[in-house]
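First up is the structure itself, then whatever we jot down about it.
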Amino acid sequence: MIEINKINKWYGDFHVLQDVDEVIEHGQTVVICGPSGSGKSTLLRCINGLEPFQKGEILVDKTSVKDPKTDLYKLREKIGMVFQRFELYPHMTAMENITLAPRKVRKWSKERAQDKAMELLKRVGMVDKADAYPANLSGGQQQRIAIARSLAMEPAYMMFDEPTSALDPEMIKEVLDVMVELAKAGMTMLCVTHEMGFAKEVADEIIFMDKGKIVERGTYDDFFNNPQTDRAKLFLSQILD
Amino acid sequence: MNFAYDFDWSVLWRDPYGVMLIKGLGMTIFLGISAWIIAMAVGIAVGTLRITKYRLLRMIGTAYVEVFRNIPLLVQMFFWFYAGPMLFGETLSRQINRLDGLAIYVSIIGLGLYTASRIAEHLRAGFASISKDQYHAVLSTGMTQVQMYRYVIIPYALRLTIPPLTTEFLTVFKNTSIVMTIGVAELTFQSYQIDAETFHGLEATTGAMFIYLLLGMTVVKFMDLVERKYKIQGLMGR
Ligand SMILES: Nc1ncnc2c1ncn2[C@@H]1O[C@H](COP(=O)(O)OP(=O)(O)OP(=O)(O)O)[C@@H](O)[C@H]1O
Ligand SMILES: [Mg+2]
């Protein structure tokens, strides 16, 4: 379980997260949406300790992210993260990308890491691209490898930061299919995305953020059919164009 | 045309001068490669210090680069040669001064440390061109800072930096000519030596020039091969 407790973060004078509260229960999929600059990426980076925050508390399985005694490296092992621009290691093959962390962090043998990687490549439908370099893969393929790379650490949580917004329309589905499969298999997920079809299919809750605050939250039906704030109405009308 | 000068190109191969030039070339190559090894090791370390999240380490890295980059190499070389041994205290410095080939060690270290400051700068530019999310992607898998630099960021940045590193590698060989001033018998030194003994410095220097030219072209060819092997496919347009 991830508990986010009234966190506040400033970049200098700029109040980027304001009293953000949220609980993500085991097995849930939570979708975060909101306009550009509303603090969605920053929130994700606070959860796995890539960015510090000044006030409030985040607990991951009861472990405080803020506590200086917390081993953040250990904590990050159980929170996978997927990025908008994939961020594969360009000098490594797909296989090497996936096996690097299990081998160096978990100290798995090469064989064990590769077995795990093959299993994941199968899961994301990329077995035939094990030896390809990122530059020779399409965006959708790169993103599926990136998902496999995160899953290789056998995380309890997965965070996605706009995983399909850099993709051509015809590739979006292949990535969403993998994410839907993961959600249905019981992964606990936190997804920043504007793909409302995905939200409809798997989201247990949708959070709408604006200017560093959560201004609306609810189920897909609540949010989509009955938005409460003008900001959310405007946002929905924009993304549904 | 009359130059009032009797050319004698045989100083380029005549005994003992031909052998002197070849020995000079050997020394130049030895100095260049040895200095390059030091430069890469120190340059990577200093370049990485400059972007770590620890302020003190960043300041050390910056100070290093500023000092070595801004003082003329010739002055640095004299400094290491005359003052360097004294940095080790009185008794040790006396022993160091008696070392055989001290000037050669000083040359390698001086040239290596100077070139390291330049490599560090190129590498820093390489690090800066890697997106913040790329760093985050590595850390998000549970890797430590050290693992992140070692397995992903440094190998990636080095590949991005191959073109300027080619120039630096070439420059190391050219800069070796400076160490004749502290008496190391590299190629330029030997051509001067031939002049001193035969008064045919013009031929000797011309010969040395062509040897440097061939050496430089070989280095560039070699770096082309390195680039072809390590270039990240399709990345350059990113
Ligand atoms: N390192 C930083 N220093 C100062 N301001 C920053 C920094 N990083 C982000 N910001 C600002 O914080 C705000 C929130 O950024 P964030 O990236 O979290 O937004 P986002 O909701 O993910 O937006 P997008 O949809 O564009 O990705 C933005 O206004 C951004 O300019
Ligand atoms: Mg963002």
When the residues of the stretch B:147-196 are narrowed to those that are touching a residue at least 60 places away in the same chain (Cβ under 8 Å) and surrounded by fewer than 16 Cβ atoms within 10 Å (Cβ to Cβ), which ends up nearest to the other protein chains (Cβ to nearest Cβ)? B:163
Identify, by number, the condition in (1) within 16 Å of ligand 1 (Cβ to nearest atom); (2) of a type in the set (Asp, Glu); (3) surrounded by fewer than 19 Cβ atoms within 10 Å (Cβ to Cβ); (4) under 21 Å from residue A:193 (Cα atoms) that residue A:87 doesn't meet. (3)
From A:81, A:95, which residue is in contact (Cβ under 8 Å) with a residue 12 or more places away in the chain and more than 16 Å from ligand 1 (Cβ to nearest atom)? A:95
Take the residues of the stretch A:128-149 that are within 13 Å of chain B (Cβ to nearest Cβ) and hydrophobic (A, V, I, L, M, F, W, C): which is nearest to ligand 1 (Cβ to nearest atom)? A:146
For the stretch A:203-212, state whether one or more residues are among the aliphatic types (A, V, I, L, M), surrounded by fewer than 20 Cβ atoms within 10 Å (Cβ to Cβ) and within 16 Å of ligand 2 (Cβ to nearest atom). no
Please indicate, with yes or no, whether at least one residue in the stretch B:209-226 is open to solvent by less than 40 Å² (accessible area, probe 1.4 Å), more than 14 Å from every other protein chain (Cβ to nearest Cβ), part of a helix (DSSP H, G or I) and in contact with an Asp or Glu (Cβ under 8 Å, 6 or more places away or on another chain). no
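Out of curiosity, is residue A:45 within 16 Å of ligand 2 (Cβ to nearest atom), part of a helix (DSSP H, G or I) and among the basic types (Lys, Arg)?
In short, yes.
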Given (1) more than 21 Å from residue B:144 (Cα to Cα); (2) assigned to a strand (DSSP E or B); (3) within 16 Å of ligand 2 (Cβ to nearest atom), where does residue A:57 come up short, assuming only one miss? (3)
With the checklist (1) modelled with pLDDT of 95 or more; (2) more than 19 Å from residue B:172 (Cβ to Cβ); (3) surrounded by 13 or more Cβ atoms within 10 Å (Cβ to Cβ) in hand, flag the one item residue B:41 doesn't pass. (2)
Could you list, in sequence order, all residues of the stretch A:85-127 that are within 8 Å of chain B (Cβ to nearest Cβ) and part of a helix (DSSP H, G or I)? A:100, A:101, A:104
Identify the single condition in (1) surrounded by fewer than 22 Cβ atoms within 10 Å (Cβ to Cβ); (2) within 16 Å of ligand 2 (Cβ to nearest atom); (3) not in a helix (DSSP H, G or I) that residue A:18 does not satisfy, given that it satisfies every other one. (2)
Does any residue of the stretch B:172-184 turn out to be under 30 Å from residue B:82 (Cα atoms), in a loop (DSSP other than H, G, I, E, B) and small (Gly, Ala, Ser)? yes
Out of all the residues in the stretch A:61-84, which are away from ligand 2 (no atom under 11 Å from the Cβ) and within 13 Å of another protein chain (Cβ to nearest Cβ)? A:71, A:72, A:73, A:74, A:75, A:76, A:77, A:78, A:79, A:80, A:81, A:82
If you check every pair at least six apart or on different chains, which have Cβ atoms under 8 Å apart with a residue in the stretch A:206-234 that is closer than 19 Å to residue A:21 by Cα first and a residue that is of a type in the set (S, T, N, Q) and assigned to a strand (DSSP E or B) second? A:211/A:18; A:212/A:18; A:213/A:18
Pair list, Cβ < 9 Å and 6+ apart or interchain, from the stretch A:190-201 residues that are more than 16 Å from ligand 2 (Cβ to nearest atom) to residues that are at pLDDT 95 or above and assigned to a loop (DSSP other than H, G, I, E, B): A:198/A:164; A:199/A:193
Name the residues in the stretch A:21-42 that are away from ligand 2 (no atom under 12 Å from the Cβ) and assigned to a strand (DSSP E or B), would you? A:21, A:22, A:23, A:24, A:29, A:30, A:31
Considering residues that are acidic (Asp, Glu) and crowded, with 23+ Cβ neighbours inside 10 Å, the number found within the stretch A:119-144 is 0
Suppose we keep only residues that are surrounded by fewer than 19 Cβ atoms within 10 Å (Cβ to Cβ) and closer than 20 Å to residue A:117 by Cβ within the stretch A:145-176. Which one would you say is farthest from ligand 2 (Cβ to nearest atom)? A:154
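The values are calculated or read from the model by the stated rules, or taken from the named source; none is laboratory data. Nothing here was measured: the structure is a model prediction, and the numbers come from that model. Neighbour counts run over all protein chains shown; Cβ positions are idealised from the backbone, glycine included. Surface accessibility is based on the protein's heavy atoms, side chains included, excluding ligands, DNA and RNA. Shrake-Rupley method; radii C 1.70, N 1.55, O 1.52, S 1.80 Å.
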